2 protein chains.
Amino acid sequence: MDLDQIYAGLGDETRRRVLHVLAPGPLCVCHFQAVLRVPQARLSKHLAYLRARGLVTAERRGNWMIYALPAAPSRELAANLACLQECARAQPRFQRDLARLRRLAPTLAAPRPCGPARPAAR
Amino acid sequence: MDLDQIYAGLGDETRRRVLHVLAPGPLCVCHFQAVLRVPQARLSKHLAYLRARGLVTAERRGNWMIYALPAAPSRELAANLACLQECARAQPRFQRDLARLRRLAPTLAAPRPCGPARPAAR
DNA sequence: AATCTATATGCCCAGATCGGCATATAGATC
DNA sequence: GATCTATATGCCGATCTGGGCATATAGATT
């Protein structure tokens, strides 16, 4: 994989946060919104950016777009993602993201992953 | 150290080549010119860029400027430099740089490090 | 088909970046 | 002090970037 793409992808903090928080498993945009607390348009754009460069894969499930790290990343990408994870350990912001992600964990597997799980019928 | 600085520094190929080729030891600008085959102005600018962000240190020795990796890099920087080294192993361009660097190695310790060692008095 | 929800895109602006070319500077040497 | 060598810097143009705001689209639901 092209180092240019990788380092370009890592060149923005929002994108680094996305990649970091994606390590434990796939997420959809509304999760990113909840975890990173970043406006939706911005997220979509950065996700498109990452996707265009192969740092992330996307799959549509019904109304939701599920983003994930590539199943078989190149050596280079894998190395850099690992490096990012290590660096993140010392960064408060990344840790906060992670905390919010964990708090969200239970809903992740739900068939209706997003939104405040509006209880059944209104 | 600020991740922004690090990843910004790594965001350009010329700079990555500089950092890569600096791993074995300090170099001065004319070495970079010989090894990377890049116009001098461009090199100076990228070196200034790296220096301003603390990815590289510089020391004047007579007429020459000696650039080196920081003596005590932060965890983050160290991790990323290591990662870069690993990535470089698969990149032909980086390998060519390294080859030229090795061919240059004998002159590195000379008191007159640069230029084609114009033999003593002309 | 109207509507709702989740996500993507277009437009615009401000600022950063990179490269080339020419030129300036610092220090050594004559 | 004139000159040479090694390096740095200024200016310019082209390109990219990131953000906000508004709006478009895709699919689900009624």
> Separation between the B:Arg51 and A:Ala48 pseudo-spin-labels, each 7 Å from Cα along Cα→Cβ, expressed in nm?
Replying inline: 4.1
>> To test your reading of the geometry: what angle, between 0 and 90 degrees and rounded to tens, separates the Cα axis of helix A:13-22 from the longest principal axis of chain A?
In response: 70
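Quantify how strongly other chains surround peptide A:3-15 by giving the mean number of their Cβ atoms within 10 Å of each of its Cβ atoms.
Values: counts 10, 4, 0, 3, 12, 4, 2, 7, 7, 4, 3, 0, 1.
Averaged over the peptide's residues, the number is 4.
Charges only on Cβ, +1 for Lys and Arg, -1 for Asp and Glu: so what's the dipole of region B:38-92 about the Cα centre, in debye to the nearest 20? Walk me through the numbers before you get to the answer.
Details: 8 positive and 3 negative charges, 43 e Å.
Result for region B:38-92 is approximately 200 debye, rounded to the nearest 20.
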>> Tell me the angle of helix A:40-52 to the major Cα principal axis of chain A, expressed in degrees between 0 and 90 and rounded to the nearest ten.
In response: 40
>> I need the inter-copy label distances for B:Ala68: point set 7 Å along Cα to C-beta, values in nm with one decimal, smallest first.
In response: 4.8
> Can you tell which of A:Ala78, A:Ala8, B:Gln95 lies farthest toward the positive end of the dipole of the protein assembly as shown, using +1 and -1 charges on the Cβ of basic and acidic side chains (Lys, Arg; Asp, Glu)?
Replying inline: A:Ala8
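Regarding the protein assembly as shown, what's the average projected area of the Cα-atom convex hull, expressed in nm²?
About 15.5 nm², averaged over all directions.
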>> Just to verify a number: what accessible area does A:Glu59 come out at with the full protein assembly present, 1.4 Å probe, Å² rounded to tens?
In response: 100
> At B:Arg51, with labels set 7 Å past Cα in the Cβ direction, how many nm apart are the copies from this one, shortest first?
Replying inline: 4.4
> Which value does Rg/Rh take for region A:3-102 over its C-alpha atoms, Rh per Kirkwood?
Replying inline: 0.93
> For the modelled label position 7 Å from the Cα of A:Asp2 along Cα-to-Cβ, which residues of region A:44-77 have backbone nitrogen atoms closer than 16 Å?
Replying inline: A:49-56, A:74, A:76-77
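The values are calculated or read from the model by the stated rules, or taken from the named source; none is laboratory data. Note that this is a predicted model, so its numbers are computed, not measured. Neighbour counts are summed over all protein chains in view; Cβ atoms, including those assigned to glycine, are modelled from backbone coordinates with ideal geometry. Side chains are part of the model used for accessible areas, which takes the heavy atoms of the whole protein and leaves out ligands, DNA and RNA. Shrake-Rupley method; radii C 1.70, N 1.55, O 1.52, S 1.80 Å.
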